[in-house]
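The values are calculated or read from the model by the stated rules, or taken from the named source; none is laboratory data. Small disclaimer: the values here were computed from a predicted structure and weren't measured. Heads up, the Cβs are rebuilt from the backbone with ideal geometry, glycines too, and the neighbour counts pull from every protein chain shown. Side chains included, ligands, DNA and RNA excluded: accessible areas come from the protein's heavy atoms. Shrake-Rupley method; radii C 1.70, N 1.55, O 1.52, S 1.80 Å.
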Protein chains: 2
Amino acid sequence: MFSKSTGYALRATLYIAQKGTEDHKIGIDDISKAIGSPRSFTAKILQLLTKNNKIIHSTTGPHGGFYMTEKAKNLPVRAILQAMGEDGLLDRCILGLAECSEKRPCPMHSKYKIIKTQLIGLFETETINQLASDIQSGKVFMKLK
Amino acid sequence: MFSKSTGYALRATLYIAQKGTEDHKIGIDDISKAIGSPRSFTAKILQLLTKNNKIIHSTTGPHGGFYMTEKAKNLPVRAILQAMGEDGLLDRCILGLAECSEKRPCPMHSKYKIIKTQLIGLFETETINQLASDIQSGKVFMKLK
DNA sequence: ATAATAAAAGACAATTTTATCTTTTATTAT
DNA sequence: ATAATAAAAGATAAAATTGTCTTTTATTAT
Ligand code: FES
Ligand code: FES
């Protein structure tokens with residue numbers, strides 16, 4: 001569905017939401033180990049999330065690291081996709097046409113749009129901290145390998 | 001969702017299903033113009049579809065080109081994904097975990113699986129010629145640009 | 001047989017995505 | 001002030017995807 005990068009972004013954000021607070025920040029080393037992603041590459045991705053949409057925050061230096069504000073934790077998961085520039089993917093034509101629209105629908109459109117609506121709804125209604133607390137409950141998981 | 005290649009594969013196949021019969025084969029030039037895809041690249045992709053799963057057939061020489069048997073036209077659209085090796089995509093974890101399973105579900109799993117089931121069902125139940133005839137009815141479209 | 005046609009096959013190139021490594025900058029604690 | 005820490009920034013590289021171009025092979029019609 002999404003790119004590897006966006007997968008890392010989603011999982012890293014959920015991890016930070018779980019463990020990172022303003023007075024207990026999480027280092028990139030911890031994060032990349034926890035979610036099973038390449039360290040430096042993940043660092044780049046987190047920079048996007050701090051700059052573009054301020055989903056996560058970071059500080060340098062000792063005791064520095066990544067964390068999220070309570071406000072940001074209440075954002076829908078979709079906000080992460082937006083920060084990664086992959087939000088549009090949810091709206092795309094499943095057959096790869098330039099755009100998915102009612103005006104020039106592809107042969108899959110009428111049936112796919114119902115699914116698409118649910119998909120967008122899912123990313124729109126689920127919040128980052130809902131998912132994060134589900135992980136902490138121990139019933140769901142997030143490590144790659 | 002799918003790669004560009006798979007998009008071309010889907011659209012090319014639907015075009016061939018519409019226009020190509022054993023005594024009126026369709027040339028790669030015609031196909032790539034019709035669906036708005038790079039000619040030579042599309043040719044490669046069609047080779048996969050002829051070799052791997054025999055979804056489409058082809059002959060060389062004058063009056064040669066691509067066509068489909070009636071049997072193949074009754075295949076589900078999913079068969080095209082399979083031939084392209086992207087069938088697994090439908091089953092993948094939306095957060096990018098190594099596998100999507102009930103045993104180690106990600107935090108999106110329980111809600112996503114309902115959508116996923118519909119998605120797989122859609123590709124499984126829609127047949128190539130159903131979509132192709134919808135295109136011929138003129139109500140739906142398939143050109144990239 | 002020969003020429004013409006069209007896909008198959010192969011070589012290569014451009015682009016995008018993913019990944020690694022090094023240097024710099026900001027912050028903290030001593 | 002200085003050393004230590006950790007992210008930011010930058011440079012570079014590997015891998016995968018997408019795209020182009022040329023040559024070969026198979027088929028048809030003359
Ligand atoms: S136009 Fe193809 S899914 Fe909407
Ligand atoms: S495990 Fe993530 S969607 Fe099933």
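A few comments on the model shown:
- B:Ser3 vs. criteria exposed (fewer than 14 other Cβ atoms within 10 Å of the Cβ) and among the hydroxyl-bearing types (Ser, Thr, Tyr): yes
- Checklist (1) closer than 30 Å to B:Gln118 by Cβ; (2) within 15 Å of DNA strand D (Cβ to nearest atom) applied to A:Leu10, failing item: (2)
- Filter result (away from chain B (no Cβ under 11 Å) and either open to solvent by 30 Å² or more (accessible area, probe 1.4 Å) or closer than 28 Å to B:Leu119 by Cα (or both)) within the range A:13-26: A:Lys19, A:Thr21, A:Glu22, A:Asp23, A:His24, A:Lys25
- Residue match in the range B:71-78 (condition: more than 13 Å from every other protein chain (Cβ to nearest Cβ) and either at pLDDT below 95 or farther than 24 Å from B:Glu124 by Cα (or both)): no
- Selected residue (criterion: nearest to the other protein chains (Cβ to nearest Cβ)) from residues of the range B:101-125 that are polar (S, T, N, Q) and within 29 Å of A:Ser133 (Cα to Cα): B:Gln118
- Residues in the range A:15-31 that are within 15 Å of DNA strand C (Cβ to nearest atom) and among the aromatic types (Phe, Trp, Tyr): 0 in all.
- Here A:Ser37 does not fit the description of being within 12 Å of DNA strand C (Cβ to nearest atom), at negative phi, touching a helix residue (DSSP H, G or I) at 6+ places or on another chain (Cβ under 9 Å) and more than 11 Å from every other protein chain (Cβ to nearest Cβ).
- Restricted to the range A:69-89, and to residues there that are of a type in the set (A, V, I, L, M, F, W, C) and within 16 Å of DNA strand C (Cβ to nearest atom), the residue that is surrounded by the fewest Cβ atoms within 10 Å (Cβ to Cβ) is A:Leu89.
- All positions within the range A:29-63 that are within 16 Å of ligand 2 (Cβ to nearest atom) and not in a loop (DSSP other than H, G, I, E, B): A:Ile35
- Pairs are defined by a Cβ separation below 7 Å, a sequence spacing of at least 6 or placement on different chains, a first member in the range A:130-145 that is within 18 Å of B:Ala98 (Cα to Cα) and at pLDDT below 90, and a second member that is open to solvent by 50 Å² or more (accessible area, probe 1.4 Å) and of a type in the set (A, V, I, L, M, F, W, C); the pairs so defined are A:Leu144/B:Ala98; A:Lys145/B:Ala98.
- Single match in A:Ala132, A:Ala98 (criterion: open to solvent by 20 Å² or more (accessible area, probe 1.4 Å) and within 9 Å of chain B (Cβ to nearest Cβ)): A:Ala98
- In the range B:1-48, the residue that is nearest to B:Leu89 (Cα to Cα) out of those that are among the aliphatic types (A, V, I, L, M) and in contact (Cβ under 8 Å) with a residue 60 or more places away in the chain is B:Met1.
- Taking the range A:64-130 as the region of interest, the helices (runs of 4 or more DSSP H) fully inside it that hold 2 or more residues being closer than 21 Å to B:Lys116 by Cβ are A:78-83, A:109-125.
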